[in-house]
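All remarks here apply to the structure that follows.
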Amino acid sequence: MTHQPSTTSFDRSIKLRDQSTESATKVSDLKARLRGAGLRPTVQRLALSRLLYGNGDRHVSAEALHAEAREAGLTMSLSTVYNTLNQFAEAGLLREIAVQGPRTYFHTRTSPHHHFMDEATGRMFDAADGSVEFARLPAPPEGMEVVGCDVIIRIRPKRG
């Protein structure tokens, strides 16, 4: 069963955010963003939007966002967080990055770009724009078209 956060929990989460991000994450702006993407601005979607977009551009897993929501006093299930992130990705509000097996990150920056992933920590961050070059891509199978190309550059601390 999914639990909706109470209004007081949502209000408390709003107060926890840095005041310098206030204009980008006002509730009215978040409602407009959700409606513009064809999503109803429910209390849960607004609360998660506040967490997602309140700290600038970021990569986040469902588990990390769920933990962040709990720290903010919000009560919702992990499946609600997963469902919301997937809905946001389908609506174009987030970029889904499937890394390995079940590990998936969601990124608030939706424009095409590439990533580094630290295998030791699981941290993901952007490669500098224009720093990845391809001489050419293979031709897609007949009847298909290329719509994008995601590169994940795996890194780890040097050994030795």
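What follows is calculated from the coordinates using simple rules that are stated; it is not laboratory data. What you see is a predicted model, and the numbers here were worked out from it, not measured in a lab. Cβ coordinates were reconstructed from backbone atoms using ideal geometry, including for glycine residues, and neighbour counts include every protein chain displayed.
Converting phi to 3J(HN,Hα) with the Karplus coefficients 6.51, -1.76 and 1.60 and the offset θ = phi - 60°, segment 72-88 yields 7, x, 8, 10, 8, 7, 4, 5, 5, 5, 4, 4, 5, 4, 5, 5, 4 Hz in sequence order, with x at every glycine or proline.
Segment 90-132 to segment 42-66: how many Å between their Cα centroids? With segment 90-132 and segment 42-66 each reduced to a Cα centre, they are spaced 15 Å. The label-point distance for residue 98 and residue 55, in a model that sets each label 7 Å from Cα toward Cβ, rounds to 2.7 nm. Here the extension length gained between residue 125 and residue 35 equals 29.5 nm, from 0.36 nm per residue of separation less the Cα-Cα distance. Seen from residue 107, the other residues with C-beta closer than 15 Å to its C-beta sum to a net charge of -1, counting Lys and Arg as +1 and Asp and Glu as -1. First check a/c for segment 24-110, with a ≥ b ≥ c the square roots of the eigenvalues of its C-alpha gyration tensor; if it is under 1.5, answer rounded, and if not, answer prolate when a/b is larger than b/c or oblate otherwise. Note, shape of segment 24-110 comes out oblate.
Pop the C-beta distance of residue 78 and residue 134 into the FRET formula with R0 = 35 Å and round what comes out to the nearest 0.05.
0.40
Most tightly packed first, judged by the mean number of other beta-carbon atoms within 10 Å of their residues, the peptides 117-123, 28-34, 74-80 read 74-80, 28-34, 117-123. Placing unit charges on the Cβ atoms of the charged side chains and taking the dipole of segment 21-128 about its Cα centre, the candidate lying farthest along the positive direction among 61, 92, 124 is 92. In a reduced charge model with +1 at each Lys and Arg Cβ and -1 at each Asp and Glu Cβ, segment 81-160 shows a dipole moment near 500 debye about its Cα centre.
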